[in-house]
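For reference, the structure is listed below as structure tokens.
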Amino acid sequence: MQDEIKKYSLVGSVIAVSISKKHTFSKKNQNTIKLVNGLGIEGDAHFGSTIKHRSRVAQNPDQPNLRQVHLIHSELFEELADRFHIEPGQMGENITTAGINLLELPAESTLFIGTSAVIQVTGLRNPCAQIDHFQPGLLKAVIDQDGDGNLIRKAGIMGVVLESGEVKPGDEIRVKLPPKPFKKLERV
């Protein structure tokens, strides 16, 4: 049992799951979503092995889809609550989490969700101007700078599905960190 505990560095939970069949900014909350190995979330506009993000399809439709699943930590909503009211799914995420600082995870971290779903973290979501159409000023609130002037993107992380499975609110998330040296998350 002790080895199993050491295997997972962090544990959190799923607050909400959301999808949209069309390329909409916000996604509708669901009771459950089905993750499909190598493709993403069944019924979501970003489902597929090649990129589905419209601006990236225009550049090169044959790029691998490293943005199959979008996750945001609910703690971001709490951080912004004095200026914005944001509900799970409204920022376009598929899985809203609690208890794990997703932005601090290294690239290639593995998320074990519920009983069988597995996601590998590919990078950071790069928030675009569309976020200000949802709530004016939100783009500036989810982009920051560190002490060295480096850009900090707070709008969640992206991943690919390694193992199929259903995910629902209340499911546990277990994080397995990749081998060191860790690679910092970059935008995907």
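The values are calculated or read from the model by the stated rules, or taken from the named source; none is laboratory data. Owing to the predicted nature of the structure, the values given are computational and were not obtained by experimental measurement. With ideal geometry, Cβ positions are generated from the backbone for all residues, glycine too; neighbour counts draw on all protein chains shown. Note: accessible area is taken over every heavy atom of the protein model, side chains too, but ligands, DNA and RNA are not part of it. Shrake-Rupley method; radii C 1.70, N 1.55, O 1.52, S 1.80 Å.
All of E108, E93 fail the test of being of a type outside the set (K, R), at pLDDT 95 or above, crowded, with 22+ Cβ neighbours inside 10 Å and assigned to a loop (DSSP other than H, G, I, E, B), apart from E93. Under the condition of being more than 16 Å from I113 (Cα to Cα), modelled with pLDDT of 85 or more and among the β-branched types (V, I, T), which residue from segment 31-59 is surrounded by the most Cβ atoms within 10 Å (Cβ to Cβ)? The selected residue is I51. For I157, are the conditions met, namely being within 12 Å of the chain's Cα centre (by Cα) and β-branched (V, I, T)? In short, yes. Within segment 166-183, the set of residues being out of contact with any strand residue (DSSP E or B) (no Cβ under 9 Å at 6 or more places or on another chain) and surrounded by 12 or more Cβ atoms within 10 Å (Cβ to Cβ) comprises F182, K183. The number of residues in segment 1-30 that are out of contact with any Lys or Arg (no Cβ under 6 Å at 6 or more places or on another chain), hydroxyl-bearing (S, T, Y) and modelled with pLDDT of 95 or more comes to 2.
Screening K140 against (1) assigned to a strand (DSSP E or B); (2) within 24 Å of A81 (Cα to Cα); (3) more than 14 Å from the chain's Cα centre (by Cα) leaves a single unmet condition, (1). When the residues of segment 111-133 are filtered to those that are at pLDDT 95 or above and of a type in the set (A, V, I, L, M, F, W, C), the one that is nearest to P181 (Cα to Cα) is V121. Tell me, yes or no, whether segment 156-165 has at least one residue that is assigned to a strand (DSSP E or B), open to solvent by less than 90 Å² (accessible area, probe 1.4 Å) and touching a helix residue (DSSP H, G or I) at 6+ places or on another chain (Cβ under 8 Å). Within segment 156-165, one or more residues are assigned to a strand (DSSP E or B), open to solvent by less than 90 Å² (accessible area, probe 1.4 Å) and touching a helix residue (DSSP H, G or I) at 6+ places or on another chain (Cβ under 8 Å).
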